[in-house]
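The values are calculated or read from the model by the stated rules, or taken from the named source; none is laboratory data. These numbers come from a predicted model, not from an experiment. Glycine also receives a Cβ, built like all others from the backbone with ideal geometry; neighbour counts cover every protein chain displayed. Note: accessible area is taken over every heavy atom of the protein model, side chains too, but ligands, DNA and RNA are not part of it. Shrake-Rupley method; radii C 1.70, N 1.55, O 1.52, S 1.80 Å.
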Amino acid sequence: MIRILTCILLFFTFHFALGQIRNAPLTKSDIESATRNYQKYCALCHGKNRKGNAADYAPSLSSNSLMSTMTLNFLASSIAFGRPNTAMAAYIKDYGGPLDMKEIFTLASWLKYESDAETIDLGDGPIAGDLWNGANLYAQECIKCHGKKGEGITAPALSNAAFLAFATDEYIKYAIVNGRDDTKMIGFKEILTEKETNDITAYIRSLAGGWSKEPKKLAPYPTPKQYVLNPQGKDPNFNLIEGRYAPIKEVMEAIKNKDKMILLDTRTTSEWHNAHIPGAVPIPYYVTEKDVDKGLTDKDTWIIAYCACPHAASDTVIDMLRKKGYKNTAVINEGFFGWINAGYPINAGEIKEIEN
Ligand code: HEC
Ligand code: HEC
């Protein structure tokens, strides 16, 4: 709790400090470091050009509609804390991510600066509406992309607690009315009346579950000695799709058979801290080619990578390994969410690694 309060306090301090210099240009070195961090950590899903959809239906980070209405604080929070249970991870060190608060604010300021969007002051009063009518309209107009419960299918999760903790009613309404330029999110200005838009906004607000994600006590990473699962076991046997993707069932079989293998979690390290497949080693997609095989001792042991994407982050790591001569490599085809949906075991909360 205290850490959350510290975080909030830090945000306000930063927010205030940055508010003072919001219109001052970023320094050359800020721009360089933000550009570097963006390409290293974000381009995988949001695209090299920030237009979104490179993987995982990640939203555009260049749309005028988003960048003119998402405050710097909201933007930095989205990067720091992510959107739990979506492919958008937390990037802040407190949650086991790779970036500190200053780097995150620099990145957020740079995203705004690059978009060149004029900030629109929306106000933050609540919007009242008829929830039942809102629910009906949502079912008619929004479900096919945002999901039955707002969980997000091909579009952002609108019922996400971390989203609703920071998004104001006016922010949500603005997105519905104006859409997001150059994306599948059209503006509903001509389709819905103002009252109907208010009803849907109120309905989305009613899905807020309260945001209570406290930073965890971070578990230590496995040491190279613990990397290989079942060192005495035999090699697994996969029917790889396109020479690379192992069906989830076959991976589970191999684990049950106690086959010899290494599991790699290629998501942002904070996600490994949240939950991972037991025994998985965190090697995030933003690892350098030089470090990708640090701690791996032989090129024959099977290496199976997974991410939430379900392929983009894993492919990046497996490409690097294959380039370095690791031939026995595969990606779990259905990814981490496939694993969870299949009801297979994971390590979450207090992390205890399995013993070899
Ligand atoms: C593994 C893919 C992936 C990576 C890597 C990633 N994101 Fe995201 N990001 C997403 C997805 C998916 C969403 C939408 C989540 C949702 O709400 O359902 C998202 C949402 C966001 C949002 C909220 C935008 C909105 O429209 O609400 C911001 C801001 C953002 N990401 C910034 C970043 C930044 C900056 C980085 C790099 C530090 C990054 N993301 C890395 C997948 C990713
Ligand atoms: C055809 C698919 C589709 C439909 C239908 C659709 N949306 Fe969206 N929506 C999207 C996509 C895709 C995005 C993300 C766009 C981007 O920024 O890249 C989005 C973004 C949003 C956002 C902004 C979320 C954020 O994180 O900032 C809101 C709010 C939203 N939609 C609400 C709605 C509502 C309410 C409806 C129904 C009235 C609706 N949408 C219908 C695809 C859709």
query: Within the set of pairs 6+ apart or on separate chains, which have a first residue in region 57-74 that is without any contact (Cβ under 8 Å) to a residue 40 or more places away in the chain, a second that is near ligand 2 (Cβ under 8 Å from one of its atoms) and assigned to a loop (DSSP other than H, G, I, E, B), and C-beta atoms under 6 Å apart?
result: Ala58/Gly52
Spans of helices (runs of 4 or more DSSP H) in region 148-243 with at least 3 residues modelled with pLDDT of 95 or more and open to solvent by 20 Å² or more (accessible area, probe 1.4 Å): 169-178, 194-206
- prompt: Does region 123-146 contain at least one residue that is out of contact with any Asp or Glu (no Cβ under 6 Å at 6 or more places or on another chain), of a type in the set (D, E, K, R), within 10 Å of ligand 2 (Cβ to nearest atom) and outside any helix (DSSP H, G or I)?
  reply: no
message: Are there helices (runs of 4 or more DSSP H) fully within region 255-356 with at least 3 residues that are within 26 Å of Phe81 (Cβ to Cβ) and aliphatic (A, V, I, L, M)? List them.
response: 312-323
- line: Here the residues within region 267-304 that are without any contact (Cβ under 8 Å) to a residue 60 or more places away in the chain and under 17 Å from the mean Cα position of the chain (by Cα) are Ile283, Val287
Only listed residue being modelled with pLDDT of 95 or more and hydrophobic (A, V, I, L, M, F, W, C), chosen from Leu122, Leu131, Leu111: Leu111
query: Asp94: part of a loop (DSSP other than H, G, I, E, B) and at pLDDT below 95, yes or no?
result: no
